[in-house]
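The values are calculated or read from the model by the stated rules, or taken from the named source; none is laboratory data. Note that the structure is predicted; figures quoted are calculated from it, not measured. In this analysis, Cβ positions are derived from the backbone assuming ideal geometry, glycine residues included, and neighbour counts consider all displayed protein chains.
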Amino acid sequence: MHDFSPLYSPAYSPFALGFLGALLPFLILAAIWTVILKGFALWHAARGGQKWWFIALLVINTLGLLEIIYLIWFRPTASSSSHASAHGSSEQA
């Protein structure tokens, strides 16, 4: 049998520590990227009254892919919201 210490853990081997140390900047960058995109997409979904998009964006984590899809193709644009408000005001008059 191998003579391992009872406190031995493969997670603390020199290889694992070097790999995790090299991976850490990428994990931090991915986390910052996700938080920024998620915040931007959630803000647009809330402002546009898109409740189901807001819930999906809040719950599903895809490293920003769902957020990018929403922001490019499904977020309400300024022209559609101004058109809707102009159309709504003409109906009330």
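For (1) at pLDDT 90 or above; (2) within 26 Å of Ala30 (Cα to Cα); (3) among the small types (Gly, Ala, Ser); (4) exposed (fewer than 10 other Cβ atoms within 10 Å of the Cβ), each residue gets a yes or a no:
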{"position": "Ala46", "(1), (2), (3), (4)": "yes, yes, yes, no"}
{"position": "Gly49", "(1), (2), (3), (4)": "yes, no, yes, no"}
{"position": "Phe54", "(1), (2), (3), (4)": "yes, yes, no, no"}
{"position": "Leu58", "(1), (2), (3), (4)": "yes, yes, no, no"}
{"position": "Leu63", "(1), (2), (3), (4)": "no, yes, no, no"}
{"position": "Glu67", "(1), (2), (3), (4)": "yes, yes, no, no"}
{"position": "Thr77", "(1), (2), (3), (4)": "no, no, no, no"}
{"position": "Ser89", "(1), (2), (3), (4)": "no, no, yes, yes"}
{"position": "Gln92", "(1), (2), (3), (4)": "no, no, no, yes"}
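Filtering Leu20, Leu24, Leu37 for residues that are out of contact with any helix residue (DSSP H, G or I) (no Cβ under 9 Å at 6 or more places or on another chain), at pLDDT 70 or above and surrounded by 10 or more Cβ atoms within 10 Å (Cβ to Cβ) leaves a single hit, Leu24.
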